[in-house]
Amino acid sequence: MAIWFEGEGEIEADVATVASSYDDLGGHFVGVVSRMPGMSSVELIEQGADFVKIRTNEGVMHRSNITRSVSGDRVVVEFDEEYKAGERVASTSHFAHTFSAAGDGVHHHLVVSDLAFPGVLGFFYRHFGRASMGKAFLGSNKAYFESLQA
């Protein structure tokens, strides 16, 4: 497992809210992805017990092998992602989110691993996009979960 990004942040929500949001995978992932920078349209195409397929203004995202483990004050969610933007740009990766109760909120730990993104554009993304994309992943989750608390 080659780690591409690892980071953490705090969310003003509770673990129960985080856990229950994954009851509707389509609604959850559309809600999170729509808060990513540059996303002007996000639409659920298909969902199943352990996958979602989402169309964005940039391409099609397929998140599969989604698992959720809830134990007391901790939620762990993992999935594989394939993202296609046009015919020639495609990336794959694995996401592992760990949400733990922390005081009045939730501590979010994110690991993105096994990133494969070929070509010149992939080279720049792999080497220069890590910090900005990682922060965007953390920020979109924070914004989504905090919107559920309102």
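Read-outs throughout are calculated quantities, based only on the coordinates presented, and are distinct from any laboratory measurement. Quantities reported herein were computed from a predicted structural model and do not represent experimental measurements. When we count neighbours, we look across all protein chains shown, and the Cβ atoms used for this are built from the backbone with ideal geometry, even at glycine.
With the simple spin-label model, which puts each label point 7 Å out from Cα in the Cβ direction, the residue 69 to residue 89 separation comes to 3.5 nm. FRET efficiency for the pair residue 45 and residue 12, taken as 1/(1 + (r/R0)^6) with r the Cβ-Cβ distance and R0 = 35 Å, rounds to 0.65.
Over what distance in Å are the Cα centres of the stretch 90-150 and the stretch 12-46 separated? Each part's Cα centre sits 13 Å from the other's. Think of the chain as having a plus end and a minus end, set by charges on the Cβ of Lys, Arg, Asp and Glu; of 125, 77, 109, 125 sits farthest toward the positive end of this dipole.
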